[in-house]
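A short worksheet on the structure shown next.
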Amino acid sequence: MTSEPQHIHVEPEIHQQVELLARALGMTTSETIAHLLHLYAQPASETPARTNTLTPVYAIYQRKRVEGHFDRSTGALSIPAGPGAGQYKTPSGAARAVITALHPQVSPVRTGWAFWRLAETGAYLAVLRGSTAPARTATSPPATPSASATALTPRAR
């Protein structure tokens, strides 16, 4: 017996934000809501970050699937076997190792947050970035000259 889908009313602005998030994650809006509920709407004692900090991930590069484990508490990623096997401080470091192992002629510079996918949902690892990645230090924006300084600067004619 299949149940009919239930509908809830949300404000148009909220619906647009969910649709935008869904597109960014490569999911449907329904899958996105289910994913967010899975991550955040569980009793505190059952949240994934508290019961198990290791999240299975994978990447497909050069038609080769590489399995790994992302540590939600430290932000580290480990590859137990295969190309790039080892322990890495960041998902990007692990991505570089895989690329170097499988295609050394290519620049390995990648962001690991968009290279690795969650094994459970197929969503990019970036979905975990805001809530579980270790805190990053903010960098100051480049200094801009004050209006008085630019007014005194001679212009080329």
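The values are calculated or read from the model by the stated rules, or taken from the named source; none is laboratory data. Just so it is clear, the model here is predicted, and its values are computed rather than measured. All Cβ positions, glycine included, derive from the backbone under ideal geometry; neighbour counts span all protein chains shown.
Tabulated data
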item	result
Boolean, Arg110 is basic (Lys, Arg), at pLDDT 95 or above and either assigned to a loop (DSSP other than H, G, I, E, B) or farther than 21 Å from Leu20 by Cα (or both)	no
Residue match in region 93-101 (condition: exposed (fewer than 14 other Cβ atoms within 10 Å of the Cβ) and at pLDDT 95 or above)	no
Some residue of region 58-66 being modelled with pLDDT of 80 or more and among the aromatic types (Phe, Trp, Tyr)	yes
Per-region count, region 56-78, residues at positive phi and either polar (S, T, N, Q) or not assigned by TED's automatic domain parsing to the domain that holds Ala94 (or both)	1
